[in-house]
Amino acid sequence: MRTAIKLIFCLAIFFAFQAKELSAQVVNNTAGAFPAPDGLTLKGTAEVPMSLAKATERYNNYYQASPVEGWTVDNKIIVKEFGRTASLLTYRQPEVQPTPILTFPLPAYDIYPSDDRKNYLYNQDTDGKLNYRMFVWNHESKQSVALTDIGTRSVQPIWSPSGKYVAYSFSAPDTKGMEIAWQNPFKPEEKRIVFSSPYMVQAVAWSKDDRFVAVEEYVNLADMTRLWLIEPQTGKKTLLNKSEKDAFGIDDVQFSTDGKYIYLTSNSTGEFLSFERINLSTKEWTTIYKNEAADIEIARLSPDESKAAFVFNDRGVSRLVFYDLKTGKLESVSKLNPGAITNLEWSPDSKQVAFNLDYASEASSIYTVAADSSSLQITRWAHEPNKDADENLPLVERIEWQSKPDGKTIGGWMFKSKKSAAAPRAVIIEFHGGPSEESRPVLNYNDLYYLNDLDTVVIYPNVRGSRGAGKSFSLGDNGEFRANQLNDVAGLLDWIKKQPDLDANRVMLRGFSYGGYLALLAAARFPDKIAAVSAQAAPTNLATLQANDPAWRVGTSRTEFGDETNPQTKQALEKIAVPNMASNLKVPILLAHGELDTQVPASEARQLIAAVEKQSPNTPLWTVFGKPDKHGLGGVRSFYHSLLEIVFFEKYVLRRGETNK
């Protein structure tokens, strides 16, 4: 699935857990400086006051509800938690603490239970390079067996329905692209590669009889996917697209119980993902339901295959509906808050669905909705327990502006405190990563101090290349069209200038990974309109990024950014390389990077640092390098960086004009 292959790690939940532990250690004494933790190398930075650590402490007890993982056979919700290890818990009734059913005894990136929950796949970063070695652990014997070798990359496994086999994405050190491995986890020597590609690939579904595996091949992570039917026992593979050139958005692939059909969502016939069915004997595609104005971002068949639960992405807001496959009747669930629905799972008896709902003005929650048309009863099972949550949570507003010069409408989300402001508010613009992700009306809890205590608004734009606004929009930044994103940013800066309650002279750009690249690029392009920029784990030159890309990712990456081995393409990429624009970077910069990052090497930050020091030596430059951090600072180092960013923001944005040194 497209959402499952995003380059976001479950370890972020573990890091948040560690940061929460650290905040609990803050002493009552507010004097002096808050100490930088071990593992950070700082240069050019200011001290973090202990008083700031105390002031932010009240926001460190927020957390998102645990992700829904499934149901027990007696229709109880199972959730997965990550702390110092992974745990599975079950909710026996609404609004009570869940009961632990498994605390995984080993450190793991993630755990993947078989349907009978007797065996668990898990993977570990054993070589420190995010390669993730695969293991299987038996619940009864408490024993683990390694399925893959150190140095190979094994991710996104799925169990066959019988629990006898597994399929997963695999890359050996010398592999260009990715492969799909089929394996008997109880006889690890029974393993074969059943599919190879120069692009990223993922096994997404098994047929009920274990005979077939459906594989998605990502020519581009945004709406350029091929779907293959693989028969592991024979090695036969069948392309279900019309041709290899016929790639489009595909998600939520599911086999029918009888094995005759595949149900899925795709935008093969339009701009948005529709619900479709493939006849596996004829390869004929049939559109079952289509929304002309919104993606069906989630489509789940009920176990009895009488209904499907759809979640429409209505300009960033999730809308839940039930579709009757026999009558074609659609029933909308209208009383949910306008947030983002994730992790939707049907109960075994096909009577209800459970899911996570996140919304800025309602703390993170777990809900169920009865699929019975007579009630569509909504029940909240879990929510944020912080007693001050409602008071501290912000208002969120969808905003739109026109890009320049083509006038295309671009959208995003603006978060602000419920408290009134005495003067125009400063602004943080945060760009999402991907670059094909999408910002939703979901709160980043790290924003609460900015919103409530610093009277700042935070805007999350969805510039071209983002999902959620149609296929043409998501592909609108590829290759030679990357400059479209800067046009969209220019339009947003003009929009801010026209808002009487916003201060266009106090704007900071911020981003993580690709979002950090866009923040730095925009700061170099519009230095007179920006007060400061903060970027973490950010590429700075897309040509050098791809030259250092791991072999499993480079094929898909080149479809997005362009092939840097082509001289003409490389020349174009060098024109939007931030180090080559360092003479324009006159605004204060905060750069943070993990020393052991293999997705975006730390050399990306260092080449920008060298360029700024040479071409703009008077530019305030704060740098933070974390070891043993990888793609993003972790644990206590992440917590310290969040405090340091507040100090940076107060000095160079809120007090702009008083100091720029």
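Using θ = phi - 60° in the Karplus curve 6.51 cos²θ - 1.76 cosθ + 1.60, the 3J(HN,Hα) couplings for the stretch 174-185 round to 9, 7, 9, x, 9, 10, 10, 9, 10, 8, 8, x Hz; x is entered for Gly and Pro.
In angstrom, the C-alpha Rg and Dmax of the stretch 251-321 are 12.0, 37.
For the stretch 526-661, the relative contact order is 30 percent, taking Cα pairs closer than 8 Å that sit 6 or more residues apart in sequence and dividing their mean separation by the residue count.
With each label modelled as a point 7 angstrom along the Cα→C-beta vector, the residue 584-residue 192 pair spans 5.5 nm. Summary value for the chain: 11 percent relative contact order, contacts being C-alpha pairs under 8 angstrom separated by 6+ residues.
Basic side chains Lys and Arg get +1 at the Cβ, acidic Asp and Glu get -1 at the Cβ, and with that the dipole of the stretch 110-242 about its Cα centre reaches some 220 debye.
Just so you know, the Rg over Rh for the stretch 502-542 is 1.00, from Cα atoms, with Rh as the Kirkwood radius. The 3J(HN,Hα) values that the Karplus relation (6.51, -1.76, 1.60; θ = phi - 60°) gives for the stretch 335-347 are, in residue order, 9, 8, 5, x, x, 10, 8, 9, 6, 6, 9, 7, 6 Hz. Gly and Pro appear as x.
Note on the stretch 88-166: the alpha carbon radius of gyration divided by the globular reference 2.2 N^0.38 Å gives 1.22. Think of each Lys and Arg Cβ as +1 and each Asp and Glu Cβ as -1; about the Cα centre, that makes the dipole of the stretch 490-544 roughly 40 debye.
As a fraction of the 1.4 Å probe accessible area of the chain, surface on carbon and sulfur atoms comes out at 48 percent. Please work out the C-alpha center-to-center distance from the stretch 287-353 to the stretch 142-169 and express it in whole Å. What the calculation gives is 31 Å, centre to centre. I want the antiparallel fraction of DSSP beta bridges within the chain, as a percent rounded to 5. Bridges in the chain that DSSP calls antiparallel: roughly 85 percent.
Enter the angle in degrees (range 0 to 90, nearest 10) between the Cα long axis of helix 514-525 and the first principal axis of the Cα atoms of the chain, meaning the one along which they spread out most. Helix 514-525 and the main axis of the chain meet at about 30 degrees. Across all directions, the shadow cast by the convex hull of the stretch 387-454 built on its C-alpha atoms averages 6.0 square nanometres.
Just the number, please: Stokes-Einstein D of the chain in µm²/s, Kirkwood Rh from C-alpha pairs, 4 °C, 1.567 mPa s. Estimated via Stokes-Einstein, D reaches 50 µm²/s. Computed on protein heavy atoms with a 1.4 Å probe, the accessible areas place 593, 432 in the order 432, 593, largest first.
Each principal axis of the stretch 193-268 carries a Cα extent, and these read 31, 25, 18 Å when sorted largest first.
Could you pull out the trypsin sites (Lys or Arg not before Pro) across the stretch 74-104 that fall in loop regions by DSSP (anything but H, G, I, E, B) with no more than 11 other Cβ atoms inside 10 Å?
Hits after loop and neighbour filter: 84.
Of the trypsin sites (Lys or Arg not before Pro) found in the stretch 554-609, none is in coil by DSSP with at most 11 other Cβ atoms within 10 Å of its Cβ. The mean accessible area for residues of the chain, using a 1.4 Å probe and ignoring ligands and nucleic acids, is 40 Å² per residue. What percentages, rounded to whole numbers, describe P(r) for the stretch 442-503 computed over all alpha carbon pairs with 10 Å bin width beginning at zero? Taking every Cα pair in the stretch 442-503, the percentages come to 19, 35, 33, 12, 0. The simple Förster model, with R0 at 56 Å and r as the Cβ-Cβ distance, assigns residue 103 and residue 571 a FRET efficiency of 0.55. Rg and Dmax over the alpha-carbon atoms of the stretch 256-392 stand at 16.2, 58 Å.
Using the Cβ-Cβ distance between residue 41 and residue 126 with R0 set to 30 Å, the FRET efficiency from 1/(1 + (r/R0)^6) comes to roughly 0.75.
Spatially, the stretch 43-69 and the stretch 561-591 are offset by 33 Å when compared through their Cα centroids.
Summing charges over neighbours of residue 379, with a neighbour being any other residue whose Cβ is under 14 Å away from its Cβ, gives +3 when K and R count +1 and D and E count -1.
Each label was represented as a point 7 Å from its Cα along the Cα-to-Cβ direction; for residue 642 and residue 614 these points are 3.7 nm apart. Checking every one of the GluC sites (Glu not before Pro) in the stretch 218-307 against DSSP loop status and a limit of 11 other Cβ atoms within 10 Å picks out 244, 292.
What FRET efficiency comes out for the pair residue 164/residue 373, r = Cβ-Cβ distance, R0 = 45 Å, nearest 0.05? Efficiency computed from Cβ-Cβ geometry: 0.70. Here the Karplus curve 6.51 cos²θ - 1.76 cosθ + 1.60, taken at θ = phi - 60°, turns the phi angles of the stretch 225-240 into couplings of 10, 10, 10, 10, 9, 10, 10, x, 5, 10, x, 5, 10, 10, 7, 8 Hz, with x standing for Gly and Pro. Note on the stretch 576-661: with charges restricted to the Cβ of Lys and Arg (+1) and Asp and Glu (-1), its dipole about the Cα centre is near 220 debye. The helix-only estimate of mean residue ellipticity at 222 nm for the chain, built from DSSP H runs of length n ≥ 4 each weighted as -39500 (n - 2.57), is -5000 deg cm²/dmol after division by the residue total.
Under 5 Å between amide hydrogens, built in the peptide plane, is the criterion, and for residue 552 it picks out 177 among residues at least 5 positions away or on other chains. Normalised by the number of residues in the stretch 184-321, the mean separation of alpha-carbon contacts (under 8 Å, six or more apart) gives a relative contact order of 13 percent.
When the C-alpha to C-alpha distance is required to be over 27 Å, the pairs from 335/416; 208/326; 54/419; 498/651; 283/471; 351/418 that qualify are 351/418.
The values are calculated or read from the model by the stated rules, or taken from the named source; none is laboratory data. Fair warning: this is a prediction, and the values are worked out from it, not measured in the lab. Don't worry about glycine lacking a Cβ; one is built from the backbone with ideal geometry, like all the others, and counts go over all protein chains shown. Each accessible area value is taken on the protein alone, full model and side chains, heavy atoms only, with ligands, DNA and RNA left out. Shrake-Rupley method; radii C 1.70, N 1.55, O 1.52, S 1.80 Å.
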